[in-house]
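The values are calculated or read from the model by the stated rules, or taken from the named source; none is laboratory data. Please read these numbers as outputs of a predicted model, since none were measured by experiment. Please note: Cβ atoms are built from the backbone with ideal geometry, for glycine as well, and neighbour counts cover all protein chains shown.
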């Protein structure tokens, strides 16, 4: 027989807000995972790609990354804002809000934390895209370097 502690019995079930928030985060993480899988698949095929195809993919990757510059800056600023707010809000202060049931302050803190989590996932996705572009850059650079090497003929 499983015995539940008083603490467990007093826990509140996850609210619909938390459930929706977790679903949004899960969707964001799955999107990042899809991008990572695409990069892995691309890496496996890099050696056999023609130069023209490689350059086309590199150009597309640069366009994608360039198109995300503003979003990257916004999410970076959101992450910095959360860090600053986190330093400003002490555990004691948060405990006081809970004790006094200051719902507005606790809700605002929750909204900021959720925005931080969402920004971190978006930023991770952008970083994955930049990594994909960097991999293509490296492949082009390696191909250029290898093209200048003299062929070695073994007799």
Which condition from (1) closer than 17 Å to residue 115 by Cβ; (2) free of Cβ contacts under 8 Å to residues at least 40 places away in the same chain; (3) touching a helix residue (DSSP H, G or I) at 6+ places or on another chain (Cβ under 9 Å) is the one that residue 20 breaks?
(3)
Farther than 28 Å from residue 30 by Cα and touching a helix residue (DSSP H, G or I) at 6+ places or on another chain (Cβ under 9 Å): which single residue out of 130, 51, 137, 57 fits that description?
51
Could you go through the stretch 102-120 and let me know if any residue there is assigned to a helix (DSSP H, G or I), within 23 Å of the chain's Cα centre (by Cα), at pLDDT 95 or above and closer than 30 Å to residue 55 by Cα.
no
Name the residue, out of 61, 81, that is surrounded by 14 or more Cβ atoms within 10 Å (Cβ to Cβ) and modelled with pLDDT of 95 or more.
61
Residues satisfying the stated conditions in the stretch 58-73, i.e. part of a helix (DSSP H, G or I) and in contact (Cβ under 8 Å) with a residue 24 or more places away in the chain
58, 61, 62, 64, 65, 71, 72
Within the stretch 85-101, work out how many residues are surrounded by fewer than 10 Cβ atoms within 10 Å (Cβ to Cβ) and part of a helix (DSSP H, G or I).
5
Does residue 35 qualify as being more than 30 Å from residue 143 (Cβ to Cβ) and either touching a residue at least 24 places away in the same chain (Cβ under 8 Å) or surrounded by 11 or more Cβ atoms within 10 Å (Cβ to Cβ) (or both)?
no
Which residue, of 4, 54, 46, 9, is in a helix (DSSP H, G or I), loosely packed, with under 11 Cβ neighbours inside 10 Å and at pLDDT below 95?
9
